Amino acid sequence: MAELKLSHIYKKFGKVVAVGDFNIDVADGEFISFLGPSGCGKTTTLRMIAGFDKPTEGIITIGDREVSNAEKGFFLAPEKRGIGMVFQSYAVWPHMNVVDNVGYPLKIQNVPKEERLKRVMNMLELVHLKEYAERFPNQLSGGQQQRVALARALVAQPGLLLLDEPLSNLDAKLRESMRFEISAIQKELGITVIYVTHDQSEAMTMSDRIVVMSMGKVQQIGKPYDIYTNPANQMVADFIGLVNFIPAIAKGDRIFMQGSENISFPNPKQIAGNAVLAVRPENITISKTGGMVEGVMHHRFYMGDSVDYRIKVKEQFIRVIQKGSDYTAYHNGDKVFLDFENVMSFENEG
Ligand SMILES: Nc1ncnc2c1ncn2[C@@H]1O[C@H](COP(=O)(O)OP(=O)(O)OP(=O)(O)O)[C@@H](O)[C@H]1O
Ligand SMILES: [Mg+2]
């Protein structure tokens with residue numbers, strides 16, 4: 001069993017608040033991603049869970065065991081936390097073959113040789129590396145080394161697995177197939193996973209829930225669908241997926257598009273004053289005949305399965321992406337009309 005609970009976790013390095021008031025309850029068997037731009041505190045949080053960094057404040061609980069409590073000055077060493085880990089630079093030991101690399105955690109636990117070999121071979125089967133058992137790391141591809149690191153993290157059957165950008169060194173195709181392999185292994189073993197990434201499609205496809213972070217703060221915790229369709233603030237809307245922000249003014253129940261005051265949208269959050277409307281490029285349709293807003297076709301990028309348009313509306317460029325759109329239907333300089341759907345709204349944060 002490996003639930004994980006972080007309560008009011010802070011990490012300060014001198015004056016730098018790397019992590020500020022991180023709270024989460026992770027259920028047993030859940031797959032959670034930490035997602036956010038570089039420097040937002042993902043690795044620092046993971047290192048505190050692992051026990052490589054001491055929180056400045058707060059309590060960490062794994063299963064029913066407190067592993068770190070800043071107030072009591074209590075701190076359990078990493079090797080006693082029963083955690084598996086794969087870090088960004090997936091260090092596999094170059095002087096050991098695959099079997100020895102994967103078996104190492106069992107060796108330090110003094111697991112007898114025969115049982116060790118059996119468990120290692122089971123793991124290698126799981127990560128599809130059985131035929132590579134005798135090879136050394138320099139005889140393996142990056143993706144295969146990655147899987148060796150994963151097998152090594154899993155061999156001691158941790159309830160909790162921490163992965164810090166484990167696919168960052170792989171090419172796009174391999175990353176995608178590894179995503180599915182990691183998800184499949186996680187489901188098969190029923191382990192709890194914390195997965196750090198700054199790749200949003202990775203987080204979207206693999207996670208039960210995503211934690212979006214920025215500058216040491218948790219911005220939102222939610223299911224991928226909820227985060228995408230109902231982002232908590234402008235930062236989250238901007239970081240997850242593509243979005244057009246349009247300045248607006250909120251008055252009563254409506255939010256008026258700046259510069260086109262006859263166009264307004266509902267104001268469910270009861271924003272007052274300066275606001276921002278946000279609409280994703282796939283939620284805008286273009287037409288020649290009429291619509292909410294008039295603009296001028298400025299640029300068209302043919303993407304194969306879709307067309308990526310830039311349309312100038314007043315002083316602003318609006319991005320529109322349409323699947324299977326006829327690239328030749330519009331020309332640069334054409335007068336066009338736009339209709340918006342699923343328009344989100346935020347307070348103007350600055
Ligand atoms: N040992 C340290 N001493 C001082 N500052 C640190 C230390 N470790 C991390 N930081 C700072 O804490 C902040 C968070 O760093 P962290 O490594 O957690 O970011 P991250 O989200 O993992 O970023 P990336 O996506 O680039 O890996 C950064 O501003 C970083 O410079
Ligand atoms: Mg990091």
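Quick note: the coordinates plus some simple rules give every number you see, no bench work behind them. On a predicted model such as this, the values are computed, not experimentally measured, just so you know. Virtual Cβ from ideal backbone geometry, glycine too; neighbours counted across all protein chains shown.
Count the lysine pairs in region 242-347 that are 8 or more places apart or on different chains: how many have C-alpha atoms under 17 angstrom apart?
Lysine pairs, 8 or more places apart or on different chains, close enough: 5.
Which ordering of M48, M215 is given by a fewest-first count of other beta-carbon atoms within 10 Å?
Final ranking by Cβ density, sparse to dense: M215, M48.
Hey, which of these cross-link pairs are over 27 Å Cα-Cα: K187/K223; K72/K217; K5/K107?
Pairs exceeding the cut-off: K5/K107.
Just report the Cα centroid separation between region 143-216 and region 271-285, whole Å.
33 Å
So, R0 is 22 Å and r is the distance between the beta-carbons of K72 and F52; what FRET efficiency does that work out to, to 0.05?
Calculated transfer efficiency: 0.65.
If we count other beta carbons within 10 Å of each Cβ, what is the order of R81, R175, fewest first?
With the fewest neighbours first, R81, R175 line up as R175, R81.
How far apart, in nanometres, would the label points at H8 and K251 be if each is projected 7 angstrom from Cα along the Cα-to-Cβ direction?
Those two pseudo-labels are separated by 4.5 nm.
Starting from the coordinates of the alpha-carbon atoms of region 4-234, obtain the Kirkwood hydrodynamic radius over all distinct pairs and give the value in Å to one decimal.
In region 4-234 this quantity evaluates to 18.2 Å.
What does the net charge come to around T205 if you take all other residues with beta carbon closer than 11 Å to its beta carbon, with K and R at +1 and D and E at -1?
Summing Lys/Arg as +1 and Asp/Glu as -1 gives -1.
What are the residues whose amide H is under 5 Å from the amide H of A2, where those residues sit 5 or more places off or on another chain and H is modelled from the backbone?
So A2 has HN proximity to G29.
If I model a spin label at S183 and T328 as a point 7 Å from the Cα along the Cα→Cβ vector, what separation in nanometres do I get?
It works out to 3.8 nm between the two label points.
Compute the signed sum of charges (Lys and Arg +1, Asp and Glu -1) over the other residues within less than 12 Å, Cβ to Cβ, of R310.
Here the charged neighbours net out to +2.
Summing +1 for each Lys or Arg and -1 for each Asp or Glu, what net charge is found among the other residues whose Cβ lies under 11 Å from the Cβ of V276?
-3
Can you compute the modelled spin-label distance between L242 and D208, with each label point 7 Å from Cα toward Cβ, in nm?
Taking the simple label geometry, L242 and D208 are separated by 3.3 nm.
What residues from region 66-100 fall in the zone where the backbone N is under 17 Å from a label point 7 Å along the Cα-to-C-beta line of K107?
Zone members listed by number: 91-100.
Taking 0.36 nm per residue of separation and subtracting the Cα-Cα distance, what length does fully extending D64 through V296 add? Could you put the intermediate results ahead of the total?
Working: separation 232, 0.36 × 232 = 83.52 nm, distance 6.08 nm.
My answer for the length gained is 77.4 nm.
Is it possible to state the helix-based mean residue ellipticity at 222 nm for the chain, with each DSSP H run of 4+ residues giving -39500 (n - 2.57), the sum divided by total residues, to the nearest 500 deg cm²/dmol? What is it?
That comes out to -7000 deg cm²/dmol.
By DSSP, what percent of the beta bridges with both residues in region 4-234 are antiparallel, rounded to the nearest 5? Walk me through the numbers on the way to the answer.
Working: 23 of 41 bridges.
Bridges in region 4-234 that DSSP calls antiparallel: roughly 55 percent.
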